[in-house]
Structures are given as structure tokens and as C-alpha cells.
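The values are calculated or read from the model by the stated rules, or taken from the named source; none is laboratory data. Not measured: the values here are computed from a predicted model. Quick reminder, even Gly has a Cβ in these numbers, built from the backbone with ideal geometry, and neighbours come from all protein chains shown. Keep in mind that these areas ignore ligands, DNA and RNA; they rest on the heavy atoms of the full protein, side chains included. Shrake-Rupley method; radii C 1.70, N 1.55, O 1.52, S 1.80 Å.
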Amino acid sequence: MSKVLIVYGSSTGNTESIAQKLRDILAEAGQEVDMRNAAEVSAPGLADGFDAVLLGCSAWGMEDLELQDDFAPLFEEMGSMNLSGKKLAAFASGDSGYEHFCGAVPAIEARGRELGAVIMTEGLKVEGDASAAPEDIQDFAGEVLKQL
Ligand SMILES: Cc1cc2nc3c(=O)[nH]c(=O)nc-3n(C[C@H](O)[C@H](O)[C@H](O)COP(=O)(O)O)c2cc1C
């Protein structure tokens, strides 16, 4: 059994719905999962005690990428999360009508790599809420489970 931390930033509940689905799948598979809202956590030492971290965040910019309000400060301080050597994966809800569709996903992955995290699998990008892409969510969770 691995200890998995899921942290999500979500303004209208879409990324939160994906986080909940991921939590349910991973917990059903026997992993110990701790799910937290980005609004309620701070970055220093956040990854301590966990084997793997899943970070989820929506995007709200027009031309420039802007991360969801609660997650943005965490992203700024990702360097203090102690992610070096940790397994990491990213997920997001988005709208493909915008320039940076689920733009938080590549941003989190790139910053995670810089910090020495091991990216477990290609990030999950969902149009709308969790109900829009149950198979994609299942596949992503399956890839995460393989890496735990
Ligand atoms: C002003 C504005 C900017 C947005 N920018 C983006 C964007 O850059 N990329 C994207 O994928 N979606 C963008 N969206 C769509 C939201 O990210 C999308 O509705 C998402 O599902 C919200 O997820 P949340 O409820 O978890 O916050 C934008 C929406 C608005 C209203």
C-alpha cells in the first residue's frame, strides 16, 4: 500500500470532481489516499510522508496561462513541497476553447521535473467535469497505480 496525496484547486467544482473520482479509484485499489483542497493547505513540506502526489488545477487565463486562485500560491511555492524523488502526476479540468487547454498540467509537470520529482504518467486533461471522461480518468488512475 502506498500513501497518496491529492491536492486540487477548483473554482466551480470540475477539477474537484476529478479529484474525488481519482480518490475513489485509488482507495478502492487499496491505497491510502489523502485528498485536500488547495485553499486549505500550504506548500512547505506538503509532500512529506507521501509516496506519490497528484496535483490538480484548472486554468483561468485568456492569452496568458493563469492558474486557479487557490492553487496559484502553491504553484509559486512548489519548491518547498519536498517533491524531490517523489512520484508526481498532474490533472485538470478545462475548456478546449481556450488557448492553454488544461494549461496547469504541463506547467505542474515541468516544475515537478525541475524539482526532481518523477512524473508517473502523462497528465490527465478533462473537458468539463469528471462525468465527461470516465474512461480517461480510469486509465490515468490505472497508470498511476502501476507506478505505486
Ligand atoms: C475567463 C476564463 C478563462 C479560462 N481559461 C482557461 C484556460 O486557459 N484553459 C482551460 O483549459 N480552460 C479555461 N477556462 C475554463 C475553466 O478552466 C473550466 O471551466 C474548468 O472546468 C473549471 O474548472 P474548476 O471548476 O475546477 O475550476 C477559462 C474560463 C474562464 C471563464
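Tabulated data
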quantity	calculated
Output for the stretch 88-109, where each listed residue is within 6 Å of the ligand (Cβ to nearest atom), touching a residue at least 40 places away in the same chain (Cβ under 8 Å) and either closer than 14 Å to residue 56 by Cβ or of a type in the set (Val, Ile, Thr) (or both)	93, 102, 103
Qualifying residue in the stretch 33-46 (condition: open to solvent by 60 Å² or more (accessible area, probe 1.4 Å), within 16 Å of the ligand (Cβ to nearest atom), under 24 Å from residue 142 (Cβ atoms) and not hydrophobic (A, V, I, L, M, F, W, C))	yes
Pairs with Cβ under 6 Å, 6+ apart, first in the stretch 19-34 and over 18 Å from residue 134 (Cβ atoms), second open to solvent by less than 30 Å² (accessible area, probe 1.4 Å) and not in a strand (DSSP E or B)	31/2; 33/26
Check on residue 7, more than 16 Å from the ligand (Cβ to nearest atom) and touching a residue at least 60 places away in the same chain (Cβ under 8 Å)	no
Hey, residue 140 crowded, with 22+ Cβ neighbours inside 10 Å and away from the ligand (no atom under 14 Å from the Cβ) or not	yes
Search result, residues across the stretch 29-40 that are of a type in the set (Asp, Glu) and either touching a His at 6+ places or on another chain (Cβ under 8 Å) or in a strand (DSSP E or B) (or both)	32, 34
Residues of the stretch 15-26 satisfying the condition of being closer than 18 Å to residue 72 by Cβ and open to solvent by 50 Å² or more (accessible area, probe 1.4 Å)	16
Exclusive hit being open to solvent by less than 30 Å² (accessible area, probe 1.4 Å) and in contact with a Leu (Cβ under 6 Å, 6 or more places away or on another chain), set 91, 75, 71	91
Unique match (being more than 8 Å from the ligand (Cβ to nearest atom), small (Gly, Ala, Ser) and open to solvent by less than 20 Å² (accessible area, probe 1.4 Å)) among 85, 112	112
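Yes/no matrix, rows are residues, columns are (1) of a type in the set (Gly, Ala, Ser); (2) part of a helix (DSSP H, G or I):
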{"site": "11", "(1), (2)": "yes, no"}
{"site": "15", "(1), (2)": "no, yes"}
{"site": "27", "(1), (2)": "yes, yes"}
{"site": "42", "(1), (2)": "yes, no"}
{"site": "46", "(1), (2)": "no, no"}
{"site": "64", "(1), (2)": "no, no"}
{"site": "75", "(1), (2)": "no, yes"}
{"site": "88", "(1), (2)": "no, no"}
{"site": "102", "(1), (2)": "no, no"}
